Each structure stands twice: as C-alpha cells, then as structure tokens.
Amino acid sequence: MRRIQTWECKLSILITIILSFIIPANIGQNGTLIKYNFGFPCEYWLIYQGNKGSSQLFSNLFDGNKGMNINILGFFANVFIIYILLVLVKKIYIKVNMK
C-alpha cells in the first residue's frame with residue numbers, strides 16, 4: 001500500500017493518462033470500422049470509428065465513435081513501466097547529487 005501512495009506512482013498514473021492525449025493513435029482497419037489504438041508504451045485504449053477522423057484521443061472521444069474498449073491490464077502495464085523509469089531516474093539523481 002505504501003508504494004501506491006508514493007509520488008512516483010501518482011506521477012506515473014498522470015503521465016500515462018496525459019501521454020494518451022498527446023501521442024497520436026495507431027490506426028488500423030477492422031472490417032468496415034477504423035480502429036484507433038491509444039497508449040504508450042502498451043496500447044490500452046481502443047476506439048472504433050465508422051469514418052476516418054483525427055488520430056488524437058480527445059476528438060475521437062466526442063466525435064461519433066462506434067464503441068470503445070479499455071484494457072485495464074495494458075493501462076497498469078504502462079503505469080508500472082513508467083513507475084520503474086521514475087524510480088530509476090530518482091536513484092540516479094540521488095547518486096549523482098551525493099558525490
């Protein structure tokens with residue numbers, strides 16, 4: 001429980017959500033529907049559209065999507081990867097400043 005309440009964990013959740021809005025989607029075709037995959041480094045948010053639209057998340061959320069799928073495991077994988085990177089950067093920063 002202590003690890004969840006650290007600033008690294010809270011920051012990694014925030015970074016994961018913000019990256020979804022900043023980084024454009026990977027676009028694929030699924031029959032007649034166009035599939036937009038959001039998330040970095042793992043894709044966790046899929047939005048299905050009938051017509052080709054923007055590759056940004058905000059416009060796809062409110063512009064006539066046909067459905068969406070949120071993969072919770074992919075979201076937590078992103079949070080975990082970013083959390084590990086933040087902890088490593090913190091340890092390197094502490095070692096550099098101790099010398």
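Put simply, of 53, 31, 39 the only residue that is without any contact (Cβ under 8 Å) to a residue 24 or more places away in the chain, of a type outside the set (Asp, Glu) and at positive phi is 31. Does residue 57 satisfy the condition of being at pLDDT below 85 and surrounded by 16 or more Cβ atoms within 10 Å (Cβ to Cβ)? It is true that residue 57 is at pLDDT below 85 and surrounded by 16 or more Cβ atoms within 10 Å (Cβ to Cβ).
Of all residues in segment 1-43, which are under 15 Å from residue 85 (Cα atoms) and of a type in the set (D, E, K, R)? 3, 8, 10, listed by residue number.
Out of all the residues in segment 1-16, which are surrounded by fewer than 15 Cβ atoms within 10 Å (Cβ to Cβ), at pLDDT 90 or above and in contact with a Phe, Trp or Tyr (Cβ under 9 Å, 6 or more places away or on another chain)? Selection gives 11 alone.
The values are calculated or read from the model by the stated rules, or taken from the named source; none is laboratory data. Quick caveat, the model's predicted, so the values are computed rather than measured. As a convention, Cβ positions derive from the backbone with ideal geometry for all residues, glycine included, and neighbour counts pool all protein chains shown.
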